[in-house]
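Engineer: Please see the structure below; I have some questions.
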Amino acid sequence: MYSIEQRDEQLVGTRAAIRYHCYFDRAAEHLLRIRMEVDLQAGEDAVVLVLPSWAPGSYKIRDFITHVGNLSAYDDRFCHLPVEWIGKNRIRIATGGAVMVAVEYVFYANERTVRTMHITRWRAFLFPVNCLFYVEGRTDEVHHVLLYYDRSQWRVLTTALSPVTVGDAGTEPVVLGALNYDILADSPTELGNHLVATFEAYGARHEVALIAPVSLNIEWLTEQCKTIVHTEAAVFGGVPYDRYVFFVYAGTNLTGGLEHARCSVNMCDVQALTDLSRAKSLLALLCHEYFHVWNIKRIRPREYGPFDYTREVHSPMLWLAEGVTSYYDDLFAYRAGFYSREEYLDLLARDHVGKLLRVPGRHAMSVRDSSYLAWVKLYAQSPDGQNRFPSYYLKGGVLSWLLDVAIISDTDGARRLDDVLRLLWEHYRHRPETGLTEDDVLNAIEEVSSKRVRQQFWHWLSSTDDPDIAAVVASLGLEWIIAPVPHQSVLVPPPRRAGLQLRSEGGRVFVASVEDGSPASRAGIAVDDEIIAVDGVRVTSPEEFSLVSQCSGDSVQLLASCDGKLYTTILGLPHAEESYLRIGAAPSDRAQRLLSRWLERAIAP
């Protein structure tokens, strides 16, 4: 039976018939040596080992087997056993009457993202779903991981796995465990000399692990994490774990986050922890990934647990998993006090709805279809992708906001989207082994509000129409406005919109993307064209292009090149527009009450 729940106390002193011995003696080469041992069951004349092809939460086939090498097998008498490859990531080993089979291999870990492993002489990030095979048909057993490393060099270990035993500081390994492979695969570990701080909340231990190349203020970060926990757990009346880890990696060119049942892995630029004006994006990311504790890890589409680690697992419901979460990340950041009311309204208008309205692909595909095609669209998006595909993060988040407003208005402020989530949470608590269907979610919406709201939301999910935002938010006394961007200074001309993105290559300017229907599209400009001159002025960077074109009036003449042949075209440059969400001049008493209901802040217990 599928389960992702584990408490540390459950693993203490356990024994495991499936064990992974992990050696870090070649860490300087980005290599992890692994010896997997499988105690055979009676009558088991062969075992099939499988390495996952994708990481849950990141919907793209990544073929982690690419990084496996030098694989060999032997039995309990150290006699070599033949390895038969029966798939790109599956091997079959005939046991030959042995009582134990061991497989040795190395894993090359030199990709620093939230979904992949990174090991150096200074530290190691171990993500089991990348590198640890499972035994086909035996994923429900207890699994142990034994870590062999120099604890005088790497003094700190932080993990979502549970401790089984801790050896002495000499040769004994640290032994960690998981109740099943699904929990093992979902439990990252960091080894090194990073900073760790802890706090208690809702009867659970929380750890903040800060991994950075410079000294940063972990006390400040820990206080923000504490606020996030109190803000989000208040919606559900508690937390579903005994221990949770916030992994925060700060560095250069680091970005993104990935959720897990007992932790989250978050990456940011160092400046997000040194500049308070830039810290808010990190805090919103932490809100997003922490909210996944409930939404997706437990309140999940039926397709996402149990699932097949070897192939694409399609669902039309990533609008729930990521869209609803994308709405709540900034909402929770507002409730936690990280944003003012004005900042939140501006952020919602500019970075959520306004951004969506600049994606032509919203008219080409519904958000349900974009969810289903995430595997080949979102993580492998072509330069033309924005014209064909709306992100289920972005559009799903906007539709979730409109749903929240619609429920508040429909129930005269008595209910909101929080109440739908609480119903779905009860579904999980009573049937944790079974995920949700779309009907389950729609039924919860109807139970909280009405059939009319259910039908309206279903239309938004299934169609490529733009919702009537102004009509929806009017019930809260809000005005939805799209207007030209105002002058920032008398010395700076108003911004203009061309509808293209540029990239620089060695002092030359190339087109990276073009929006359908934009001035650039109407001018016949295409991806990979080189922009040579604007109104006779040579441009050698996107910044120069912007400077010259913004100062040139309503249109410019471009000299460009396609396939080595020159052409000229006229590029129209209308004034850029921005989206605004404003409180109306004279909202009714009801509208003011509903607005206050929507924008009420959570009060930490």
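Engineer: When the stretch 1-42 is examined, which residues are found to be small (Gly, Ala, Ser) and either surrounded by 14 or more Cβ atoms within 10 Å (Cβ to Cβ) or touching a residue at least 24 places away in the same chain (Cβ under 8 Å) (or both)?
Structural biologist: Ser3, Gly13, Ala16, Ala17, Ala27, Ala28
Engineer: A further question on this structure: If His80 passes every condition in (1) in contact (Cβ under 8 Å) with a residue 40 or more places away in the chain; (2) at negative phi but one, which one does it miss?
Structural biologist: (1)
Engineer: Then there is this: Take the residues in the stretch 419-441 that are touching a residue at least 40 places away in the same chain (Cβ under 8 Å) and in a loop (DSSP other than H, G, I, E, B), then tell me which one is surrounded by the fewest Cβ atoms within 10 Å (Cβ to Cβ).
Structural biologist: That would be Glu433.
Engineer: For a quick check of your reading: which strands (runs of 3 or more DSSP E) sit entirely within the stretch 476-525 and have at least 2 residues that are outside the structural domain of Leu356 (by TED's automatic domain parsing) and in contact (Cβ under 8 Å) with a residue 60 or more places away in the chain?
Structural biologist: Here the list reads 478-484, 508-514.
Engineer: Output the residues belonging to the stretch 443-475 that are assigned to a helix (DSSP H, G or I), surrounded by fewer than 17 Cβ atoms within 10 Å (Cβ to Cβ) and in contact (Cβ under 8 Å) with a residue 60 or more places away in the chain.
Structural biologist: Ser462
Engineer: Separate question: May I ask you to list pairs of residues, at least six apart or on different chains, whose Cβ atoms are under 7 Å apart, with the first in the stretch 95-122 being over 22 Å from Gly57 (Cα atoms) and the second being among the polar types (S, T, N, Q) and in a loop (DSSP other than H, G, I, E, B)?
Structural biologist: Val101/Thr95
Table: residues versus (1) surrounded by 16 or more Cβ atoms within 10 Å (Cβ to Cβ); (2) assigned by TED's automatic domain parsing to the domain that holds Trp401; (3) acidic (Asp, Glu).
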residue: Val324; (1), (2), (3): yes, yes, no
residue: Tyr327; (1), (2), (3): yes, yes, no
residue: Tyr334; (1), (2), (3): yes, yes, no
residue: Glu343; (1), (2), (3): no, yes, yes
residue: Leu348; (1), (2), (3): yes, yes, no
residue: Asp351; (1), (2), (3): yes, yes, yes
residue: Ser366; (1), (2), (3): yes, yes, no
residue: Ala380; (1), (2), (3): no, yes, no
residue: Pro383; (1), (2), (3): no, yes, no
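Engineer: Does Glu515 fit the bill of being over 27 Å from Ala321 (Cα atoms), surrounded by 15 or more Cβ atoms within 10 Å (Cβ to Cβ) and of a type in the set (Asp, Glu)?
Structural biologist: yes
Engineer: Identify, by number, the condition in (1) farther than 27 Å from Val48 by Cα; (2) of a type outside the set (Gly, Ala, Ser); (3) over 26 Å from the mean Cα position of the chain (by Cα) that Val114 doesn't meet.
Structural biologist: (3)
Engineer: Inside the stretch 477-497, can you point out the residues that are under 31 Å from the mean Cα position of the chain (by Cα) and within 24 Å of Arg415 (Cα to Cα)?
Structural biologist: Scanning the stretch 477-497 gives Leu478, Trp480.
Engineer: Of all the residues that make up the stretch 230-251, how many are touching a helix residue (DSSP H, G or I) at 6+ places or on another chain (Cβ under 9 Å), of a type outside the set (Gly, Ala, Ser) and farther than 21 Å from Trp220 by Cβ?
Structural biologist: Selection size over the stretch 230-251: 6.
For (1) under 27 Å from Tyr379 (Cβ atoms); (2) among the β-branched types (Val, Ile, Thr); (3) outside the structural domain of Gly256 (by TED's automatic domain parsing), each residue gets a yes or a no:
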residue: Thr14; (1), (2), (3): no, yes, yes
residue: Leu32; (1), (2), (3): yes, no, yes
residue: Val68; (1), (2), (3): yes, yes, yes
residue: Thr95; (1), (2), (3): no, yes, yes
residue: Asn110; (1), (2), (3): yes, no, yes
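Engineer: All but one of (1) within 30 Å of Gly413 (Cα to Cα); (2) at pLDDT below 95 hold for Asp589; state the number of the condition that does not hold.
Structural biologist: Just one mismatch for Asp589, condition (2).
Engineer: Starting from the stretch 391-418, keep only residues that are free of Cβ contacts under 8 Å to residues at least 60 places away in the same chain, then list their pairs with residues that are basic (Lys, Arg) whose Cβ atoms are within a distance under 8 Å, requiring at least 6 positions of separation or different chains.
Structural biologist: Close Cβ pairs satisfying both conditions: Ile407/Arg415; Ile407/Arg416; Asp410/Arg452.
The values are calculated or read from the model by the stated rules, or taken from the named source; none is laboratory data. Note that this is a predicted model, so its numbers are computed, not measured. Glycine also receives a Cβ, built like all others from the backbone with ideal geometry; neighbour counts cover every protein chain displayed.
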